[in-house]
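Working notes, structure below.
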Amino acid sequence: MTATSWDILLIGGASGVGKSRAAAQLAGEPGESKGFVVEFDDVVSAVEAMTTAEHHPALHHFENIPDTARLGVDRVLDLQIATARALEPAVLGVVRNRLTVDVPAVIEGDYLTPAAAAEAIREGRAAGRRVRAVFLHEGDPDRITANYAAREPGSGEQRHRAEVSAAYSHWLADQAARHGLPVVECRPWDGLAGRVERALGQDGLLDGPDWLLNGPDGPVDGPDGPVMSDPGHTLGP
């Protein structure tokens, strides 16, 4: 396998922003493999299949909502953030398993929170392994709507879903900046993998203080150290 600057690379970001494409590129082309891709969405599906709303309600917020478009964007966003936080132990479970394997892996998914990524980096460092994380950001719902149309042409215009995704992307970017993790704008699409690699530098953060400019609204002060998600902080009402 081609050498990498990471043993485990976590790629977070909202739905429809290009995580899967970036993960495939960063894992390497056929014949030049750097690692393999773990899609955290598969883990989410497995966890949901083996739990119930009665015993694990935090994992089943959407179970009895047949059409989320009937809810306001802020309400759906709150439910998505709550689900992501509930899944943080599962993220860390996957990372801990990968820490026992010498083959590099890229883990990507919508439900990777910056808090879980920061804890994964800390645990990787304690184990002498290079765990890195980056969050991809696309805050324009028009662009995400177009991405959905290209990816899922038979599903019609998914404007409401795109608005939720854009809002969630802003939340992820804000949280990533709070944890001192790099945030990379998805556009232009060409060269995204290269920009991610440059953002990661050699230690998982942007080289020098430049990461401060990667928040969705400009400079954001860095944290004194990693903290887990604050359940009271959401973009909802």
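The values are calculated or read from the model by the stated rules, or taken from the named source; none is laboratory data. Keep in mind it's a predicted model, so treat the numbers as computed, not measured. Glycine also receives a Cβ, built like all others from the backbone with ideal geometry; neighbour counts cover every protein chain displayed. Just so you know, the surface numbers come from the protein's heavy atoms only, side chains and all, with ligands and any DNA or RNA stripped out. Shrake-Rupley method; radii C 1.70, N 1.55, O 1.52, S 1.80 Å.
General observations
- THR68 being free of Cβ contacts under 8 Å to residues at least 60 places away in the same chain and among the hydroxyl-bearing types (Ser, Thr, Tyr): no
- Output for region 52-100, where each listed residue is part of a loop (DSSP other than H, G, I, E, B) and hydrophobic (A, V, I, L, M, F, W, C): ALA53, PHE62, ILE65, LEU71, LEU87, LEU99
Okay, residues lined up against (1) touching an Asp or Glu at 6+ places or on another chain (Cβ under 8 Å); (2) open to solvent by 50 Å² or more (accessible area, probe 1.4 Å); (3) under 30 Å from GLY201 (Cα atoms):
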residue	(1), (2), (3)
VAL38	yes, no, yes
ALA53	yes, no, no
HIS61	no, yes, no
ALA69	no, yes, no
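- Any pair with Cβ under 7 angstrom, 6 or more apart, that starts in region 181-205 at a residue that is on the phi > 0 side of the Ramachandran plot and ends at one that is open to solvent by 10 Å² or more (accessible area, probe 1.4 Å) and modelled with pLDDT of 90 or more: GLY204/ILE121; GLY204/ARG132
- Residue match in region 199-217 (condition: at pLDDT 90 or above and either of a type in the set (Gly, Ala, Ser) or closer than 16 Å to PRO114 by Cα (or both)): yes
- One residue stands out in region 89-116 among those that are more than 14 Å from the chain's Cα centre (by Cα) and among the small types (Gly, Ala, Ser): the one that is modelled with the lowest pLDDT, namely ALA105.
- Selection within region 119-137 - of a type in the set (Gly, Ala, Ser) and open to solvent by less than 10 Å² (accessible area, probe 1.4 Å): ALA120, GLY124, ALA133
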